[in-house]
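Take a look at the structure set out below.
The values are calculated or read from the model by the stated rules, or taken from the named source; none is laboratory data. The structure displayed is predicted, hence computed values, not measured ones. Quick reminder, even Gly has a Cβ in these numbers, built from the backbone with ideal geometry, and neighbours come from all protein chains shown.
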Amino acid sequence: MAQSTELHSFTLDEAVQAIKSKKTKPLDFYQALRKRVDAIDSRVRAYLNFAEPAAVPQSSNGGLLSGIPISLKDNISTEGWETTCASQILKGYVPPYDATVVRKLKEAGAYIFAKCNMDEFAFGSSTETSAKGPTFNPWNTAYVPGGSSGGSAACVAADEAICALGSDTGGSIRQPASLCSVVGLKPTYGRVSRYGLVAFGSSLDQIGPITKTVKDNAMLLGVIAGHDPRDSTSASAPVPDYVKELERPIKGMKIGWPKEYFIDGIEPSVRHALQEAAEVFKSLGASIQEISLPHTSYAIAVYYVVATAEASSNLAMFDGVRFGIRAKAETLRDVYLETRDLGFGREAKRRILMGTFVLSSGYYDAYYRRAQKVRTLIKDDFVQAFKQVDLIMTPTSPTTAFKLGEKMEDPIQMYLSDIFTISMNLAGAPVISIPCGFDPKGLPIGFQLVGNYFDEPKIFRAAHYFEQATPFHKMKPKI
Ligand code: GLN
């Protein structure tokens, strides 16, 4: 039997087995994780708050995740539990309902262990825009964990969680997963219900799993995926058994290598790690084929028009009337203005300004409508590519983790860290980030595998085989 001191380092698969065999009780996991958190979270700061021990289920409900603790990004609504999106404006806001993903997790027997830090309203790539202060990268606490799901990635990497959920609008699951050396999946748009996810860019957002292994990721997606009548954009396609599909060999698989993703600005250690990863796939019987995604260079510009437009309209409801804080003022108009001035941080204000600008009459056609047209071209690039190949591999981030403070004064540099992740949100395609090495400073490197729509099973298979053939998922930060 495992020592209770080791329980925090269990994968989801191991934890499920341990509880099923009755070797370990759900409360043992809770206590082991709390102990781990007490020992290290003052240095990582992945978490905002925790469930009480009374929340831990006493007995199995027979579900796949019975007794399993889940860590949740703080933009996913939890009934009776403060949900702030790491923003001052939502301080004290307690949702009266659970997000659909939370309901599904609970039906599978799991419970929510803790809420994770994030960039305010998921605006950012470093978790530095959180009103609660930054999260630190467990591999080196002078560096950012990535963002916006930085808390969710850091807690999994530092063994302060068994697994976590994040959200991804332009890379916010994959980029922190890459910078922290864990596995992060952005599912196909519509695969997972967004009901109860505080919206950032409604046509881009997806909730997805952040885990220690590919198998864990497949297990968790199987629980949270599926049609939801409460989300009109959720897909009715049946949910396959992702775990069963994992073992199907990948011999003969064609993997595309898009030349537009191997540009000059990418760090040599990242390029090298990707080349090595391609060799691993070849040794597993897959072939690598150069392809072109010709509209890639427009992705950042298109994204920052579409995402800010949607964000500015989604954030209009935070005005001090129904949610969170309310400024004291004489008139209704001043209540709105002062609440929003006090409540939103700098990056949120910048996004609201940009979004309102591109949607304003006179500019709508020049910016928003044009961006939507280019978005279609970006999507068509992927549709064409998947006529030739099964999957596409790219770096997740052009660099490894950067130092805290390094990009905060230069938003364009910060936005460029998403250069490889945002096209898949614009296209709606499923994509995973998995670990594939370390740079000379010992900071993690990850890469992406993009699949055709609803082809998560193929992504998982290739990622699983890669993981089994490489040592990276077993390496742990010394924190
Ligand atoms: N970093 C990107 C942004 O700042 C993506 C964020 C996200 O995926 N939520 O918008």
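How about region 402-419: which of its residues are in contact (Cβ under 8 Å) with a residue 12 or more places away in the chain, within 14 Å of the ligand (Cβ to nearest atom) and more than 15 Å from the chain's Cα centre (by Cα)? Within region 402-419, PHE402, LYS407, MET408, PRO411, MET414, TYR415, LEU416, ILE419 meet the criteria.
Within region 206-240, the residues that satisfy the criterion of being under 30 Å from LYS476 (Cα atoms) and out of contact with any Gly (no Cβ under 9 Å at 6 or more places or on another chain) are LYS212, THR213, VAL214, LYS215, ASP216, ALA218, MET219, GLY222, ALA225.
Yes or no, residue by residue, for (1) at pLDDT 95 or above; (2) farther than 21 Å from TYR304 by Cβ; (3) among the aromatic types (Phe, Trp, Tyr):
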| residue | (1), (2), (3) |
| --- | --- |
| ARG375 | yes, no, no |
| GLN384 | yes, yes, no |
| ASP390 | yes, yes, no |
| ASP410 | no, no, no |
| MET414 | no, no, no |
| ASP418 | no, no, no |
| LEU426 | yes, no, no |
| PRO435 | yes, yes, no |
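Of all the residues in region 201-240, those that are among the polar types (S, T, N, Q), outside any loop (DSSP other than H, G, I, E, B) and within 16 Å of the ligand (Cβ to nearest atom) number 1. Regarding TYR189, is this residue of a type in the set (Ser, Thr, Tyr), surrounded by fewer than 24 Cβ atoms within 10 Å (Cβ to Cβ) and closer than 26 Å to ASN117 by Cβ? Yes: the conditions hold for TYR189.
Can you tell me which residue within region 152-175, out of those that are crowded, with 24+ Cβ neighbours inside 10 Å and of a type in the set (Asp, Glu), is nearest to the chain's Cα centre (by Cα)? This residue is ASP168. Pick from ARG375, ARG340: which is in contact (Cβ under 8 Å) with a residue 60 or more places away in the chain, in a helix (DSSP H, G or I) and within 16 Å of the ligand (Cβ to nearest atom)? Exactly one residue qualifies, and that residue is ARG375.
Per-residue answers, yes or no, for (1) touching a His at 6+ places or on another chain (Cβ under 6 Å); (2) surrounded by fewer than 19 Cβ atoms within 10 Å (Cβ to Cβ):
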{"site": "THR399", "(1), (2)": "no, yes"}
{"site": "PRO430", "(1), (2)": "no, no"}
{"site": "ASP439", "(1), (2)": "no, yes"}
{"site": "ASP455", "(1), (2)": "no, yes"}
{"site": "ARG461", "(1), (2)": "no, no"}
{"site": "GLU467", "(1), (2)": "yes, no"}
{"site": "THR470", "(1), (2)": "no, yes"}
{"site": "ILE479", "(1), (2)": "no, no"}
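Pairs meeting the criteria (first residue in region 420-433 and in contact (Cβ under 8 Å) with a residue 24 or more places away in the chain, second residue in a strand (DSSP E or B) and more than 14 Å from the ligand (Cβ to nearest atom), beta carbons under 6 Å, at least 6 apart or on different chains) are PHE420/THR394; PHE420/PRO395; MET424/VAL450; ALA429/VAL450; PRO430/GLY451; VAL431/VAL450; ILE432/LEU449; SER433/GLY446. Regarding region 130-137, can at least one residue be identified that is farther than 19 Å from VAL431 by Cβ, near the ligand (Cβ under 10 Å from one of its atoms) and assigned to a loop (DSSP other than H, G, I, E, B)? No, region 130-137 contains no residue that is farther than 19 Å from VAL431 by Cβ, near the ligand (Cβ under 10 Å from one of its atoms) and assigned to a loop (DSSP other than H, G, I, E, B). Quick one: in region 354-364, of everything that is over 17 Å from CYS85 (Cβ atoms) and touching a residue at least 24 places away in the same chain (Cβ under 8 Å), which residue is nearest to the ligand (Cβ to nearest atom)? This residue is MET354. Restricted to region 119-137, and to residues there that are of a type in the set (Asp, Glu) and surrounded by 24 or more Cβ atoms within 10 Å (Cβ to Cβ), the residue that is farthest from PRO95 (Cα to Cα) is ASP119. Residues in region 314-331 that are touching a residue at least 12 places away in the same chain (Cβ under 8 Å) and touching a helix residue (DSSP H, G or I) at 6+ places or on another chain (Cβ under 7 Å): 9 in all. Of all the residues in region 106-118, those that are buried (at least 24 other Cβ atoms within 10 Å of the Cβ) and in contact with a helix residue (DSSP H, G or I) (Cβ under 7 Å, 6 or more places away or on another chain) number 4.
Can GLY265 be described as at pLDDT below 95 and more than 16 Å from the ligand (Cβ to nearest atom)? So GLY265 fits the description; yes.
Scanning region 375-397 for residues that are buried (at least 19 other Cβ atoms within 10 Å of the Cβ), among the aliphatic types (A, V, I, L, M) and out of contact with any strand residue (DSSP E or B) (no Cβ under 7 Å at 6 or more places or on another chain) yields a single hit, ILE378. Yes or no: region 191-200 includes at least one residue that is part of a strand (DSSP E or B), within 16 Å of the ligand (Cβ to nearest atom) and among the small types (Gly, Ala, Ser). No: region 191-200 contains no residue that is part of a strand (DSSP E or B), within 16 Å of the ligand (Cβ to nearest atom) and among the small types (Gly, Ala, Ser). Annotation: of all residues in region 97-122 being of a type in the set (A, V, I, L, M, F, W, C) and assigned to a loop (DSSP other than H, G, I, E, B), the one that is farthest from the chain's Cα centre (by Cα) is ALA108.
Of all residues in region 173-210, those satisfying the criterion of being out of contact with any helix residue (DSSP H, G or I) (no Cβ under 6 Å at 6 or more places or on another chain), within 20 Å of ALA161 (Cβ to Cβ) and of a type in the set (A, V, I, L, M, F, W, C) are ILE173, LEU179, LEU197. Candidates are the residues of region 138-150 that are surrounded by fewer than 24 Cβ atoms within 10 Å (Cβ to Cβ) and not polar (S, T, N, Q); the one that is farthest from the ligand (Cβ to nearest atom) is ALA142.
Only one entry in SER9, SER60 is at pLDDT below 95 and not hydrophobic (A, V, I, L, M, F, W, C), namely SER60.
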